[in-house]
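All of the numbers you see were taken from the coordinates with simple rules; none came from a lab. Note that this is a predicted model, so its numbers are computed, not measured. No Cβ is skipped: glycine too gets one built from the backbone with ideal geometry, and neighbour counts run over all protein chains shown.
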Amino acid sequence: MDFERIRERMAEYLTGQGIDAMCAYPDQRRLRRTGAVAAVSLRACQGGPGGFQDYLGERYDQESGRWQELYGRKMMLTFGLDLYAPQPGGGAEIQTAFDRMVQALRQDGPPGLRLVELSCGETEFDQEAGLYRRSVEAVCQGYLYAVTEGDGAFLDFIVRGERQI
């Protein structure tokens with residue numbers, strides 16, 4: 001998963017799981033939704049050592065037929081997955097969307113990320129916007145790593161989940 005597109009990939013994953021999702025602060029004009037929508041943002045990113053001197057180990061690349069070395073850091077990513085819904089029925093729609101979100105993130109989650117914690121606030125009505133809103137945060141763990149071949153040249157930087165290394 002490319003780090004530059006991590007919000008987009010989370011939104012795509014949620015959409016694929018039946019949850020209307022979009023990145024918060026989009027470049028284009030927002031569409032008026034008739035049901036609940038999740039606004040995906042990245043609220044925090046923390047990194048730490050993933051191995052000795054950032055060395056994570058080796059893997060065999062089937063395509064090239066060569067061993068590759070992995071270097072990287074463990075990452076904790078905090079996503080904002082705030083839910084919004086218009087009235088009437090917005091509170092119930094938010095609850096249904098949250099239940100789907102819990103199920104989707106609890107199963108496999110987005111490729112390369114493992115859910116560590118999921119929390120939410122109460123559903124509230126925003127008078128000014130005319131929308132119901134529930135704040136949701138998901139803390140996910142993964143690895144930001146680089147791949148090198150025997151000559152020491154880095155080939156790629158990718159975010160991966162702990163289970164896939």
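How would you order 113-122, 78-87 from highest to lowest mean count of nearby Cβ atoms within 10 Å?
Numbers: 113-122: 15.1, 78-87: 20.6.
Taking the mean over residues of other Cβ atoms within 10 Å, the ranking is 78-87, 113-122.
Would you mind checking which residues have amide H under 5 Å from residue 82's amide H? H placed 1.01 Å from N; only 5 or more apart, or other chain.
For residue 82, the qualifying residues are 39, 41, 136.
With θ set to phi - 60° and the Karplus curve 6.51 cos²θ - 1.76 cosθ + 1.60, what are the ³J(HN,Hα) couplings of the range 57-73 in order, to the nearest whole Hz, using x for Gly and Pro?
My calculation for the range 57-73 gives x, 10, 9, 9, 8, 4, 5, 8, x, 10, 7, 10, 9, 10, 10, x, 9 Hz in order.
What nm distance separates the two modelled labels at residue 92 and residue 125, each placed 7 Å from Cα along Cα→Cβ?
Rounded to a tenth, the inter-label distance reads 1.5 nm.
Along the range 111-117, what does the Karplus equation 6.51 cos²θ - 1.76 cosθ + 1.60 (θ = phi - 60°) give for ³J(HN,Hα), rounded to whole Hz, x for Gly and Pro?
In residue order, the calculated couplings are x, x, 10, 10, 5, 9, 8 Hz.
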